[in-house]
């Protein structure tokens with residue numbers, strides 16, 4: 001039995017680095033920057049005016065093509081509270097009085113009296129709040145026919161006590177982009193935001209690998 005547990009532990013240790021490498025590769029493909037694409041050659045329709053290079057004066061420096069850069073203003077703030085309670089109770093009793101004369105008079109009245117009590121009281125509460133603020137520049141990955149754009153990007157910060165990584169992707173409307181080429185994260189559809197870190201501060205707030213392993217297989 002001890003030999004079998006040793007094999008399971010060894011397989012778990014081998015799988016942990018592979019899973020970490022797979023997650024890292026997927027992250028790069030999902031949030032990596034997009035290079036600008038060259039427009040396809042098209043017949044010239046004028047000596048000066050070209051439709052392919054036309055950009056309205058009202059658009060300013062707003063991002064509109066794959067590879068363009070825009071800034072996401074992170075203004076995420078969520079709060080949730082939930083509580084419930086329940087109380088139930090029930091009482092019941094049954095009693096019979098035997099006749100004072102006759103063959104049933106030998107029965108004691110206390111022997112045929114019954115009673116019962118049942119009660120339940122339960123209560124539960126939960127509360128959660130999150131806040132994330134800052135700015136992150138991303139690139140346009142794709143432009144859809146209806147004018148919306150897929151944007152994605154990431155930012156790496158190396159601090160003296162560890163590394164911080166912010167990743168973002170989502171769908172942006174051109175109308176939501178401000179004149180300063182900024183858009184609020186609350187105006188982004190299908191937004192995916194990841195804020196992770198590694199280093200001694202992050203390690204101190206996590207369980208050890210052996211404790212995580214036994215917490216997964218423990219039946220209690």
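The values are calculated or read from the model by the stated rules, or taken from the named source; none is laboratory data. Computed from a predicted structure; not experimentally measured. With ideal geometry, Cβ positions are generated from the backbone for all residues, glycine too; neighbour counts draw on all protein chains shown.
Worth a mention:
- Test: residue in region 166-173 that is surrounded by 11 or more Cβ atoms within 10 Å (Cβ to Cβ), without any contact (Cβ under 8 Å) to a residue 60 or more places away in the chain, touching a helix residue (DSSP H, G or I) at 6+ places or on another chain (Cβ under 9 Å) and in a loop (DSSP other than H, G, I, E, B): yes
- The residue of region 109-157 that is modelled with the highest pLDDT, among those that are surrounded by 10 or more Cβ atoms within 10 Å (Cβ to Cβ) and out of contact with any strand residue (DSSP E or B) (no Cβ under 6 Å at 6 or more places or on another chain), is 147.
- Qualifying residue in region 176-190 (condition: in a helix (DSSP H, G or I), in contact with a strand residue (DSSP E or B) (Cβ under 7 Å, 6 or more places away or on another chain) and farther than 16 Å from residue 77 by Cα): yes
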